[in-house]
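Asker: Below you will find the structure I want to go over with you.
The values are calculated or read from the model by the stated rules, or taken from the named source; none is laboratory data. Since we're looking at a predicted model, the values are computed, not measured. Methodologically, a virtual Cβ is constructed for each residue, glycine included, from the backbone with ideal geometry; neighbour enumeration extends over all protein chains shown.
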Amino acid sequence: MFKIIAIPAFQDNYIWAIHNNHHVIVVDPGDAVPVLAYLATENLILSGIFCTHRHNDHVGGIEKLRAVYNVPVYGRQHPLNSHISHPVVHGEKIMLDAFNLVFEIIDVPGHLDDHIAFFSAQSTPEILFCGDVLFGAGCGKNFEGEVEALHCSLQRLAQLPDSTLIYCAHEYTASNLRFAALCEPGNLVMQQRIIETKTLRDANTPTVPSTLALEKATNPFLRCEQQEIIKNLQKQGLTDFTSGAVFKALRKWRDCF
């Protein structure tokens with residue numbers, strides 16, 4: 001058996017910790033201090049690190065953690081990321097025997113070129129650590145490569161089972177829903193999610209993980225064929241109604257929101 005808990009960091013980051021009451025794998029430890037404090041408080045031993053991409057708020061704590069625990073760091077090899085000790089590629093599987101879990105690597109470029117996600121189909125429900133590519137009711141900014149790559153990455157994730165739990169790296173859901181409500185104000189599932197999200201945040205409770213089913217029902221970046229979204233983009237001059245063009249327009253609109 002295992003548990004997944006959120007270790008808050010910075011203003012809105014979540015460092016995810018998978019533990020079995022003895023060993024821990026942490027995902028995207030941008031800051032070592034809260035991780036070391038959590039390990040000490042819970043009397044746990046770090047046994048590995050997952051790295052989705054090289055932004056400092058995801059890798060900034062790795063060096064200090066490895067100074068205490070000389071553990072493997074799994075991630076995509078990149079010249080600007082010196083922390084990766086165990087490079088992985090798309091489709092590769094990581095066996096975590098202590099947790100009875102297998103994670104498959106999924107390439108998801110578009111936020112950064114080296115971005116990957118870690119997916120496990122062995123758990124019930126399934127687990128996805130997706131860093132900054134897919135958020136609650138939103139998606140990451142396009143910093144490298146073409147925005148089409150980000151669209152393709154989200155489409156790839158959308159093919160996973162609807163029951164998959166989406167463990168993203170930031171608490172952005174409330175802000176993303178404000179934008180999503182402009183895109184699709186008639187979406188009743190979204191309106192309910194806005195209410196539930198406010199209740200969670202008022203209690204200082206994380207809004208993630210969400211399910212992929214919920215994201216498909218409320219996340220505009222996974223709903224590029226919905227007519228209400230397309231009509232609202234038409235008002236802004238959109239004339240190409242293909243899924244990729246709608247996605248690109250949505251991302252541009254969100255960047256200015």
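Asker: Residues PRO87, PRO72: which one is surrounded by fewer than 16 Cβ atoms within 10 Å (Cβ to Cβ), in contact with a Lys or Arg (Cβ under 8 Å, 6 or more places away or on another chain) and modelled with pLDDT of 95 or more? Lay out the reasoning, then the answer.
Answerer: On the way: PRO72 fails: in contact with a Lys or Arg (Cβ under 8 Å, 6 or more places away or on another chain).
Just a single option satisfies the conditions, and that option is PRO87.
Asker: Might you let me know whether segment 159-177 holds any residue that is within 19 Å of ILE229 (Cβ to Cβ), of a type in the set (A, V, I, L, M, F, W, C) and out of contact with any His (no Cβ under 8 Å at 6 or more places or on another chain)?
Answerer: The answer is yes; a qualifying residue exists.
Asker: Let me confirm something: among PHE143, PHE118, which residue is crowded, with 21+ Cβ neighbours inside 10 Å, modelled with pLDDT of 95 or more and among the aromatic types (Phe, Trp, Tyr)? Full working, then the answer.
Answerer: Values: PHE143 fails: crowded, with 21+ Cβ neighbours inside 10 Å.
That would be PHE118, the only listed residue that is crowded, with 21+ Cβ neighbours inside 10 Å, modelled with pLDDT of 95 or more and among the aromatic types (Phe, Trp, Tyr).
Asker: Given the conditions (1) at positive phi; (2) free of Cβ contacts under 8 Å to residues at least 40 places away in the same chain; (3) touching a His at 6+ places or on another chain (Cβ under 7 Å), and given that ASN43 satisfies all but one, which numbered condition is not satisfied?
Answerer: Every listed condition holds for ASN43 apart from (3).
Asker: Give me a count of the residues in segment 60-109 that are of a type in the set (A, V, I, L, M), more than 16 Å from VAL133 (Cα to Cα) and touching a strand residue (DSSP E or B) at 6+ places or on another chain (Cβ under 7 Å).
Answerer: Of segment 60-109, the ones of a type in the set (A, V, I, L, M) are 62, 65, 67-68, 71, 73, 80, 84, 88-89, 94-96, 98, 101-102, 105-106, 108.
Pick out the ones that are also more than 16 Å from VAL133 (Cα to Cα) and you get 62, 65, 67-68, 71, 73, 80, 84, 88-89, 94-96, 98, 101-102.
Add one more test, that the residue is touching a strand residue (DSSP E or B) at 6+ places or on another chain (Cβ under 7 Å), and what stays is 62, 65, 71, 73, 84, 88-89, 94-96, 98, 101-102.
Residues that pass the stated criteria total 13.
Asker: Only residues in segment 170-198 that are surrounded by 15 or more Cβ atoms within 10 Å (Cβ to Cβ) count as the first member; pair them with residues that are at pLDDT below 95, Cβ under 9 angstrom, at least 6 apart or cross-chain, and list the lot.
Answerer: Final answer for the pair search is SER175/PHE257; PHE179/PHE257.
Asker: Go through segment 226-257 residue by residue and tally those that are closer than 19 Å to GLN191 by Cα and acidic (Asp, Glu).
Answerer: Here the count works out to 1.
Asker: Find the residue count for segment 163-217, including only residues that are of a type in the set (Asp, Glu) and farther than 28 Å from HIS53 by Cα. If you could, list the steps in order and put the result at the bottom.
Answerer: So in segment 163-217, the residues of a type in the set (Asp, Glu) come out as 171, 184, 196, 202, 215.
Subsequent filtering for residues that are farther than 28 Å from HIS53 by Cα retains 184, 196, 202.
Number of matching residues: 3.
Asker: While we're looking at this one, here's another question. Sort out which residues of segment 126-169 are among the small types (Gly, Ala, Ser), closer than 23 Å to ILE194 by Cβ and in contact (Cβ under 8 Å) with a residue 40 or more places away in the chain, and write them in order of number. Walk me through it before giving the result.
Answerer: If we filter segment 126-169 for residues that are among the small types (Gly, Ala, Ser), which is where we start, we get 131, 136-138, 140, 145, 149, 153, 158, 163, 169.
Then keep just the ones that are closer than 23 Å to ILE194 by Cβ; that gives 136-138, 140, 158, 163, 169.
The answer is GLY136, ALA137, GLY138, ALA158, SER163, ALA169.
Asker: May I ask you to list pairs of residues, at least six apart or on different chains, whose Cβ atoms are under 7 Å apart, with the first in segment 200-228 being at negative phi and crowded, with 18+ Cβ neighbours inside 10 Å and the second being small (Gly, Ala, Ser) and outside any helix (DSSP H, G or I)?
Answerer: Note: pairs meeting the criteria are THR207/GLY136; VAL208/GLY136; SER210/GLY136; THR218/ALA137; ASN219/ALA137; ASN219/GLY138; PHE221/GLY138; LEU222/ALA158.
Asker: Continuing with the same structure: Restricting to segment 1-11, name every residue that is touching a strand residue (DSSP E or B) at 6+ places or on another chain (Cβ under 8 Å) and farther than 17 Å from HIS53 by Cα. Before you say what the answer is, go through the steps one by one.
Answerer: Of all residues in segment 1-11, those touching a strand residue (DSSP E or B) at 6+ places or on another chain (Cβ under 8 Å) come to 2-9.
Within segment 1-11, PHE2, LYS3, ILE4, ILE5, ALA6, ILE7, PRO8 qualify.
Asker: Applying the selection to segment 8-59, what residues are surrounded by fewer than 19 Cβ atoms within 10 Å (Cβ to Cβ) and not in a helix (DSSP H, G or I)?
Answerer: Those that are surrounded by fewer than 19 Cβ atoms within 10 Å (Cβ to Cβ) and not in a helix (DSSP H, G or I): PRO8, PHE10, GLN11, ASP12, ASN20, ASN21, HIS22, HIS23, ASN43, LEU44, ILE45.
Asker: Does THR242 meet the test of being free of Cβ contacts under 8 Å to residues at least 40 places away in the same chain and under 27 Å from LEU112 (Cβ atoms)?
Answerer: yes
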